[in-house]
Amino acid sequence: MTLPIVAYGANILRKTAADIAADYPGLDKLIADMWETMYYSNGVGLAAPQINKDVRLFVVDSAQIFEHQEADEKGTYPDEPGIKKVFINAHVVSLEGEDWVYNEGCLSIPKIREDVVRPQEVTLEYLDEHFQPHTETFIGLTGRIIQHEYDHIDGKLFIDYLKPLRRKMLQGRLADISKGKVQVDYKMLFPK
Ligand code: NI
């Protein structure tokens, strides 16, 4: 089942989400619905607050990016062939490496893409969908997407990284999104 995606301006996108227990009701169905919603809206990651659930859960599929790369783009990123993973109760252990710029977008902030500076590497402690613990370091596009999705469970958005002037220039478009004045081909939930 595809779920509506919460639009910019909703309070849930600004909250620190809580860890969940293994008996969290309907977890398997929730994860399946998040995958379906993410693919339907052509996303590479989706975090639970974006589907109106205040919990530390996100899904990432960077493998699809590499699958769809042109031959001349191969070898551009160090994390080829990417990953497809569920992250539960993730907590960042460290951020390391040189900062780099990448043009990011977000399903909750449609039609706005901006260059965002983030470090190369992120190390996380997290549980997989079977509640098995992992500590793992991610780099490249995968590390990038994970940092973006992780921010969602801590109430942060990619626009928070923009310079104040740039952010100010986007104010009108952001206000339009929060009022529902945006055309997207997936279902969205706008703040009341
Ligand atoms: Ni996002």
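Could you tell me how many of the residues in the range 154-182 are assigned to a helix (DSSP H, G or I), farther than 25 Å from ALA17 by Cα, touching a residue at least 40 places away in the same chain (Cβ under 8 Å) and not basic (Lys, Arg)?
Residues that pass the stated criteria total 1.
Give the residue, chosen from GLU114, GLU98, GLU104, that is among the charged types (D, E, K, R), touching a His at 6+ places or on another chain (Cβ under 7 Å) and surrounded by fewer than 21 Cβ atoms within 10 Å (Cβ to Cβ).
GLU104
Of all residues in the range 13-40, count the ones that are buried (at least 19 other Cβ atoms within 10 Å of the Cβ) and within 16 Å of the ligand (Cβ to nearest atom).
5
Of the conditions (1) in contact (Cβ under 8 Å) with a residue 40 or more places away in the chain; (2) exposed (fewer than 13 other Cβ atoms within 10 Å of the Cβ), ASN52 fails just one. Which one is it?
So the condition that ASN52 fails would be (2).
Go through (1) within 15 Å of the ligand (Cβ to nearest atom); (2) closer than 18 Å to LEU141 by Cβ for VAL6 and report which single condition fails.
(2)
If you go through the range 128-153 one residue at a time, how many are outside any helix (DSSP H, G or I) and within 16 Å of the ligand (Cβ to nearest atom)?
Step one: of the range 128-153, the residues outside any helix (DSSP H, G or I) are 128-139.
Filter once more, so that each one left must be within 16 Å of the ligand (Cβ to nearest atom): none.
Matching residues across the range 128-153 total 0.
For residues in the range 119-163 being hydroxyl-bearing (Ser, Thr, Tyr) and in contact with a Ser or Thr (Cβ under 6 Å, 6 or more places away or on another chain), which is farthest from ALA90 (Cα to Cα)? Write out each step before concluding.
Of the residues in the range 119-163, the ones hydroxyl-bearing (Ser, Thr, Tyr) are 123, 126, 135, 137, 142, 150, 161.
Add one more test, that the residue is in contact with a Ser or Thr (Cβ under 6 Å, 6 or more places away or on another chain), and what stays is 123, 137, 142.
Numbers: THR123: 10, THR137: 12, THR142: 15 Å.
Selected residue: THR142.
Can you tell me which residue in the range 142-159 is farthest from GLY82 (Cα to Cα), limited to those that are surrounded by 21 or more Cβ atoms within 10 Å (Cβ to Cβ) and among the aliphatic types (A, V, I, L, M)?
Restricting to residues being surrounded by 21 or more Cβ atoms within 10 Å (Cβ to Cβ) and among the aliphatic types (A, V, I, L, M), the top hit is ILE153.
Looking only at residues that are assigned to a loop (DSSP other than H, G, I, E, B) and in contact with a strand residue (DSSP E or B) (Cβ under 7 Å, 6 or more places away or on another chain) in the range 41-55, which one is farthest from the ligand (Cβ to nearest atom)? Working first, answer last.
Filtering the range 41-55 down to residues assigned to a loop (DSSP other than H, G, I, E, B) leaves 41-44, 52-54.
Adding the requirement that they be in contact with a strand residue (DSSP E or B) (Cβ under 7 Å, 6 or more places away or on another chain) leaves 41, 44, 52, 54.
Values: SER41: 11, VAL44: 10, ASN52: 14, ASP54: 16 Å.
Ranking the candidates gives ASP54 first.
Exactly one of (1) within 16 Å of the ligand (Cβ to nearest atom); (2) in contact with a Gly (Cβ under 8 Å, 6 or more places away or on another chain); (3) touching a residue at least 60 places away in the same chain (Cβ under 8 Å); (4) over 27 Å from HIS130 (Cα atoms) is unmet by PHE58. Its number?
Against the list (1) within 16 Å of the ligand (Cβ to nearest atom); (2) in contact with a Gly (Cβ under 8 Å, 6 or more places away or on another chain); (3) touching a residue at least 60 places away in the same chain (Cβ under 8 Å); (4) over 27 Å from HIS130 (Cα atoms), PHE58 comes up short only on (4).
Can you find a residue that is at pLDDT 95 or above, β-branched (Val, Ile, Thr) and within 16 Å of the ligand (Cβ to nearest atom) anywhere in the range 68-86?
No: the range 68-86 contains no residue that is at pLDDT 95 or above, β-branched (Val, Ile, Thr) and within 16 Å of the ligand (Cβ to nearest atom).
Kindly establish whether ASN89 is closer than 16 Å to GLU149 by Cα, crowded, with 16+ Cβ neighbours inside 10 Å and touching a strand residue (DSSP E or B) at 6+ places or on another chain (Cβ under 6 Å). Break it down into steps so the answer makes sense when it comes.
Numbers: closer than 16 Å to GLU149 by Cα: yes; crowded, with 16+ Cβ neighbours inside 10 Å: yes; touching a strand residue (DSSP E or B) at 6+ places or on another chain (Cβ under 6 Å): yes.
Here the answer is yes, as ASN89 does meet what is asked.
Can you confirm whether the range 103-112 contains a residue that is of a type in the set (Gly, Ala, Ser), within 16 Å of the ligand (Cβ to nearest atom) and part of a strand (DSSP E or B)?
Yes, there is a match, as at least one residue in the range 103-112 is of a type in the set (Gly, Ala, Ser), within 16 Å of the ligand (Cβ to nearest atom) and part of a strand (DSSP E or B).
The values are calculated or read from the model by the stated rules, or taken from the named source; none is laboratory data. Quick caveat, the model's predicted, so the values are computed rather than measured. Ideal geometry is used to build each Cβ from the backbone, glycine not excepted, and the neighbour counts take in all protein chains shown.
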